[in-house]
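The values are calculated or read from the model by the stated rules, or taken from the named source; none is laboratory data. These figures come from a predicted structure and were not determined experimentally. Ideal geometry is used to build each Cβ from the backbone, glycine not excepted, and the neighbour counts take in all protein chains shown. Areas reflect the complete protein model, heavy atoms only, side chains present, ligands, DNA and RNA absent. Shrake-Rupley method; radii C 1.70, N 1.55, O 1.52, S 1.80 Å.
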Amino acid sequence: MLASMKHFLQFKDLTRAELEHLFLRTRVIKERFKRYQPYHPLADRTLAMIFEKSSTRTRLSFEAGMHQMGGSAIYLNTRDTQLGRGEPVEDAAEVISRMVDVVMIRTFEQEIIERFAAHSRVPVINGLTNEYHPCQILADIFTYIEQRGPIQGKTVAWVGDSNNMCNTWLQAAEVLDFNVHVSTPPGYEVEPERAGLLSTAHYEEFLDPMDACRDAHLVTTDVWTSMGFESENAERMTAFADWQVDSEMMAAAAKDALFMHCLPAHRGEEVAADVIDGTHSVVWDEAENRLHVQKALLEYLLLGQVED
Ligand code: CP
Ligand code: NVA
């Protein structure tokens, strides 16, 4: 364990300098991987992954990433562990963190992961909560930088629900100094406190999603109903009907604008098929980059600033 142990529970847990380091390391680690060059700095290290919600990308990228770095990953879920039978999260944290070197958790309220981290001897990573999805935004911003250069001063259009993805984009805008144009249906607006924002200076709200997309450098959206909110699905389908990212919105954005979606996507709901499968879309690179940024994150949390 490092003398100064760090968790990654929300995006702003990393400073701008730390993020710049992570993005540089991501590039190095990705290039090595593409050249089939072994890189095993995490030999004998173990990651425990605790899932209280479903996952494809998060599980696969963390598990493959640990394996590729010479370590191993153990998958735990609520159904098959004592967590599902009411063992206090504090007790679970005490025990799990004595047996592994790092923990990733996907759960419901942010408060749960914070309680776990407060009782953990090892770094804890947020693999998605109701409030935030910081690993995904690391991948999204790395993808933007990789394809278009620095994100500072650029405009990101967020169309849809003010959910965990939206909140994390808003935090990232504060840390990395870019702007977010948000358009949500009435009743689903951003809650700055829940988003963990210092101010409202880095975002602007638009009633019409077309206006949010105008001249944006990146247009992004997410499902209308996030995991844990399934009981609201019917009312959300009605409320969000006009918040589908379509080709007209992409035409209003900057000429070389990118389209991103964290996936899984619902074509014909939050995004039109010709947008997610069209020329602006970088969703497959975005998904792949989960692997590379998280390897850089694991390296940083376990080994500090590696420079080789
Ligand atoms: N984007 C994302 O986190 O995907 P999974 O739910 O499949 O992990
Ligand atoms: N907002 C979505 C993201 C899934 C990766 C959810 O929380 O279900």
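What helices (runs of 4 or more DSSP H) lie completely within the stretch 16-100 and have 3 or more residues being closer than 29 Å to GLU286 by Cα?
Because the criterion is at least 3 residues that are closer than 29 Å to GLU286 by Cα, the helices (runs of 4 or more DSSP H) in the stretch 16-100 that meet it are 16-34, 57-68.
Select from the stretch 278-305 the residues that are surrounded by 15 or more Cβ atoms within 10 Å (Cβ to Cβ), more than 19 Å from GLN10 (Cα to Cα) and away from ligand 2 (no atom under 16 Å from the Cβ) and list them in ascending order.
If the condition is that a residue be surrounded by 15 or more Cβ atoms within 10 Å (Cβ to Cβ), more than 19 Å from GLN10 (Cα to Cα) and away from ligand 2 (no atom under 16 Å from the Cβ), then HIS280, SER281, VAL282, ASP285 are the ones that fit.
Check off (1) within 15 Å of ligand 1 (Cβ to nearest atom); (2) buried (at least 24 other Cβ atoms within 10 Å of the Cβ) for ASP161 and give me the number that stays unchecked.
(2) is the only condition that ASP161 fails.
Output the residue which, of all residues in the stretch 61-102 that are touching a Ser or Thr at 6+ places or on another chain (Cβ under 6 Å) and closer than 24 Å to GLU131 by Cα, is most open to solvent (accessible area, probe 1.4 Å).
Only one residue fits best here, namely GLY84.
Say whether the condition of being away from ligand 2 (no atom under 16 Å from the Cβ) and free of Cβ contacts under 8 Å to residues at least 24 places away in the same chain is met by at least one residue in the stretch 224-231.
Checking the stretch 224-231: not a single residue is away from ligand 2 (no atom under 16 Å from the Cβ) and free of Cβ contacts under 8 Å to residues at least 24 places away in the same chain.
Can you find, within the stretch 237-277, the residue that is farthest from ligand 2 (Cβ to nearest atom) among those that are buried (at least 20 other Cβ atoms within 10 Å of the Cβ) and part of a helix (DSSP H, G or I)?
MET250
Restricting the search to the stretch 197-210, which residues are surrounded by 15 or more Cβ atoms within 10 Å (Cβ to Cβ) and more than 14 Å from PHE259 (Cβ to Cβ)?
Result: LEU197, HIS202, TYR203, GLU205, PHE206, MET210.
Tell me which residues, restricted to the stretch 109-136, are within 16 Å of ligand 1 (Cβ to nearest atom) and buried (at least 24 other Cβ atoms within 10 Å of the Cβ).
Answer for the stretch 109-136, where residues must be within 16 Å of ligand 1 (Cβ to nearest atom) and buried (at least 24 other Cβ atoms within 10 Å of the Cβ): ILE113, ILE125, ASN126, GLY127, LEU128, THR129, TYR132, HIS133, PRO134, CYS135, GLN136.
So if I check each of ILE105, ILE137, ILE112, which one is closer than 23 Å to ARG45 by Cβ and within 20 Å of the chain's Cα centre (by Cα)?
Selected residue: ILE105, the only one of ILE105, ILE137, ILE112 that is closer than 23 Å to ARG45 by Cβ and within 20 Å of the chain's Cα centre (by Cα).
Going by what's in this entry, would GLN171 be described as surrounded by fewer than 16 Cβ atoms within 10 Å (Cβ to Cβ), in contact (Cβ under 8 Å) with a residue 24 or more places away in the chain and not charged (D, E, K, R)?
Taking the combined requirement at face value, the residue does not satisfy it.
Mind checking which residues of the stretch 107-137 are within 23 Å of MET260 (Cα to Cα) and in a loop (DSSP other than H, G, I, E, B)?
Listed by number, the residues that qualify are GLY127, LEU128, THR129, ASN130, GLU131, TYR132, HIS133.
On the given criteria, is ASP215 in contact (Cβ under 8 Å) with a residue 24 or more places away in the chain, open to solvent by 50 Å² or more (accessible area, probe 1.4 Å) and part of a loop (DSSP other than H, G, I, E, B)?
For ASP215, the condition - in contact (Cβ under 8 Å) with a residue 24 or more places away in the chain, open to solvent by 50 Å² or more (accessible area, probe 1.4 Å) and part of a loop (DSSP other than H, G, I, E, B) - is met.
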